[in-house]
Amino acid sequence: MALPKLNSSPEYTLTIPSTGQEIKYRPYLVKEEKVLMMAAESEDEKQMFNAIINTLKACIKDEINENTLAIFDVEYMFTQIRSKSTGELIKLRPKCKSCEEENNAAIKLDDLKVDMPKDLNNIIKLTDTISVKMRWPSYKDVVSGDYTSEQQIKATFGLMGKCIDSIITNDEQILVGDVPENETQDFIEEMTSDQFSKLAAYVEKMPRLKHDIQFNCRSCSTENKLTLEGLQAFF
């Protein structure tokens, strides 16, 4: 005899920030929450991201290519699914910047949003004959990189290469994904500082999921302002 179905999953919609695609999703269940909790306990960023992307794949009912999702897409989508799964409030214990006393604070996940930059040109002209078409790095690009302090310079150059979608000349448009990674790195290293700074300026404008909270310390009454940014702040 088959067991009865315990719950019927409600359906919600959200819009992917980078593409504007509207998708349907359900809240995550205990089986998915268990994996998320184990990933959080590990404090391993790659394990956390893998758990999150698997949760997204399980909960989203529409067709998406998870490998092309920008990092801020993943952050936003996860927080919206979490708000419908475990409640929209996240309780925090921020420390006062003055006396370091822990305080009580809370944020509503439904209030979180990603501010997409307006009128940002993703075609960057390097010379009279060569331009690059840029893209936001995907969550997969970020997770696959080594971001330890010892490798920070190497990681920065590696991520920059992944932010180049294609190289455009007067004769052709070369997809970076079709050429060996070492050739892309050589192309970047041959840039002048001014050319490289143009690429860096584009990447620095990448949207992030962030939220400002303000509180007066319960111990010393100091007014505090704290910016929460990145997935770990809302995990």
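Between Ile168, Ile16, Ile53, where does the largest GNM mean-square fluctuation fall for the chain, given springs only between Cα atoms within less than 10 Å?
Greatest mean-square fluctuation among the candidates belongs to Ile168.
Please work out how much accessible surface Asp44 shows to a 1.4 Å probe, ignoring ligands, DNA and RNA, in Å² rounded to 10.
Roll a 1.4 Å probe over it and Asp44 shows about 70 Å².
Please state the relative contact order of the chain as a whole percent: Cα pairs under 8 Å, 6+ residues apart?
Worked out over the chain, it gives 17 percent.
Quick one: Karplus J couplings for the range 109-126, per residue in order, coefficients 6.51, -1.76, 1.60, θ = phi - 60°, nearest Hz, x for Gly and Pro?
Couplings: 4, 5, 7, 6, 8, 10, 8, 6, x, 9, 6, 9, 7, 8, 9, 10, 7, 9 Hz.
Kirkwood hydrodynamic radius, the range 44-122, all distinct C-alpha pairs: what's the number in Å?
15.1 Å
What is the list of residues in the range 64-102 whose amide nitrogen lies under 11 Å from a point 7 angstrom out from the Cα of Ser219, following Cα to Cβ?
95-102
Local charge sum around Phe215 (other residues, Cβ-Cβ under 10 Å, Lys/Arg +1, Asp/Glu -1)?
With Lys, Arg at +1 and Asp, Glu at -1, the net is +1.
Asp186: accessible area at probe 1.4 Å, nearest 10 Å²?
In the full protein context, Asp186 sits at about 80 Å².
For Ala58 and Lys113, what is the calculated FRET efficiency with R₀ set at 22 Å and r taken between the beta-carbons, to the nearest 0.05?
My answer for the efficiency is 0.40.
In degrees, nearest 10, range 0 to 90: what is the angle between the Cα axis of helix 193-204 and the longest Cα principal axis of the chain?
Roughly 20 degrees between the two axes.
Which FRET efficiency value, to the nearest 0.05, do you get for Asp44 and Thr86 by plugging their Cβ-Cβ distance into 1/(1 + (r/R0)^6) with R0 = 35 Å?
So the FRET efficiency works out to roughly 0.95.
Tell me, what does the Kirkwood hydrodynamic radius of the chain come to in angstroms if you use every pair of distinct C-alpha atoms?
Computed over Cα pairs of the chain, the Kirkwood hydrodynamic radius comes out at 20.3 Å.
Roll a 1.4 Å probe over the protein chains and send me the accessible area per residue for the chain in Å².
Spelled out: the 1.4 Å probe surface of the chain, per residue, equals 61 Å².
Is the shape of the range 1-98 best called rounded, prolate or oblate, per the rule: a/c under 1.5 gives rounded, else a/b larger than b/c gives prolate, else oblate, with a ≥ b ≥ c the square roots of the Cα gyration tensor eigenvalues?
Oblate, since a/c reaches 1.5 and b/c is not below a/b.
The values are calculated or read from the model by the stated rules, or taken from the named source; none is laboratory data. Bear in mind that the values here come from a model prediction, so they are computed numbers and not experimental data. Because the Cβ atoms are built from the backbone with ideal geometry, glycine has one as well, and the counts that use them run over all protein chains shown. Accessible surface areas use protein heavy atoms only, side chains included; no ligands, DNA or RNA. Shrake-Rupley method; radii C 1.70, N 1.55, O 1.52, S 1.80 Å.
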